[in-house]
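The values are calculated or read from the model by the stated rules, or taken from the named source; none is laboratory data. Here the structure is a predicted model, which means the values were calculated and not measured. Glycine gets a Cβ as well: all are built from the backbone with ideal geometry, and neighbour counts include every protein chain shown.
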Amino acid sequence: GQQVMQIPQYQHVQEGEDFTTYCNSSTTLSNIQWYKQRPGGHPVFLIQLVKSGEVKKQKRLTFQFGEAKKNSSLHITATQTTDVGTYFCAGWDNYGQNFVFGPGTRLSVLP
Amino acid sequence: ETGVTQTPRHLVMGMTNKKSLKCEQHLGHNAMYWYKQSAKKPLELMFVYNFKEQTENNSVPSRFSPECPNSSHLFLHLHTLQPEDSALYLCASSQDQGAGSPLHFGNGTRLTVT
């Protein structure tokens with residue numbers, strides 16, 4: 001079945017440093033979504049990417065969808081303590097039938 | 001503030017108890033979901049309802065029983081649970097079931113089975 005993996009599992013950064021998490025799917029995706037879950041909170045939708053090679057930005061966050069639509073990345077520039085949380089990618093298979101979450105990358109930001 | 005409300009926020013129950021989790025969405029969405037989130041595990045999809053009809057049941061044990069009386073309400077009835085069922089249970093909704101519809105999650109119910 002479809003599997004979605006994320007690396008790294010954990011990342012500790014100093015405030016102001018950059019951070020990147022990578023998402024890889026075992027199958028081609030029709031689109032990919034990113035979610036953020038703060039400690040003690042629930043996942044919150046951040047963005048959706050649909051097109052091959054698509055790049056979207058939200059302030060300090062840059063999201064990219066791979067050319068083969070099997071991988072994606074989230075890059076945060078100059079992290080802040082408010083960026084702390086777990087970042088999940090989630091992808092739909094090409095038939096729009098299966099929606100699978102990755103295990104998440106937990107980000108810690110040291111002030 | 002979330003447009004998806006879950007109650008209770010916390011629940012402690014014994015293995016012989018029967019309890020129910022409630023979810024209500026105020027977003028006018030057509031699809032509702034139950035997810036289980038355990039420590040160190042990916043989010044696990046349990047059930048999906050689309051227009052009140054169950055469209056997915058991911059091999060969930062029968063001690064979990066969903067109910068969807070209308071598109072705005074979703075319940076998860078629990079009975080004879082095991083300690084390994086302790087987890088955060090998240091309800092979510094989306095405009096439609098399918099690619100392109102982001103999920104809106106509730107705050108979850110933290111369940112502890114003793």
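Worth a mention:
- Residue check for residue A:100: among the β-branched types (Val, Ile, Thr), surrounded by 15 or more Cβ atoms within 10 Å (Cβ to Cβ) and within 14 Å of another protein chain (Cβ to nearest Cβ): yes
- Only one of A:99, A:88, A:45 that is within 22 Å of residue B:35 (Cα to Cα) and modelled with pLDDT under 95: A:99
- Some residue of the stretch A:1-10 being in a strand (DSSP E or B), of a type outside the set (A, V, I, L, M) and either within 10 Å of the chain's Cα centre (by Cα) or more than 19 Å from residue B:33 (Cβ to Cβ) (or both): yes
- Qualifying residues in the stretch A:5-25 (those that are loosely packed, with under 14 Cβ neighbours inside 10 Å and either touching a His at 6+ places or on another chain (Cβ under 6 Å) or polar (S, T, N, Q) (or both)) - the one farthest from the other protein chains (Cβ to nearest Cβ): A:14
- Residue that is nearest to the chain's Cα centre (by Cα) [pool: residues in the stretch B:30-88 that are within 14 Å of chain A (Cβ to nearest Cβ) and among the β-branched types (Val, Ile, Thr)]: B:48
- For residue B:92: the one exception among (1) under 22 Å from residue A:48 (Cα atoms); (2) more than 9 Å from every other protein chain (Cβ to nearest Cβ); (3) not aromatic (Phe, Trp, Tyr): (2)
- Yes/no for residue A:94 being within 14 Å of chain B (Cβ to nearest Cβ), under 22 Å from residue B:43 (Cβ atoms), touching a residue at least 12 places away in the same chain (Cβ under 8 Å) and not basic (Lys, Arg): yes
- Residues of the stretch B:34-53 that turn out to be in contact with a Cys (Cβ under 7 Å, 6 or more places away or on another chain) and on the phi < 0 side of the Ramachandran plot, as a count: 2
- Close Cβ contacts (under 8 Å, 6 or more residues apart or on different chains) running from residues in the stretch B:97-114 that are within 7 Å of another protein chain (Cβ to nearest Cβ) and under 18 Å from residue B:24 (Cα atoms) to residues that are assigned to a loop (DSSP other than H, G, I, E, B) and of a type in the set (Lys, Arg) comprise B:107/B:9; B:108/B:9.
- Residues satisfying the stated conditions in the stretch A:92-106, i.e. assigned to a strand (DSSP E or B) and farther than 15 Å from residue A:44 by Cα: A:92, A:93, A:99, A:100
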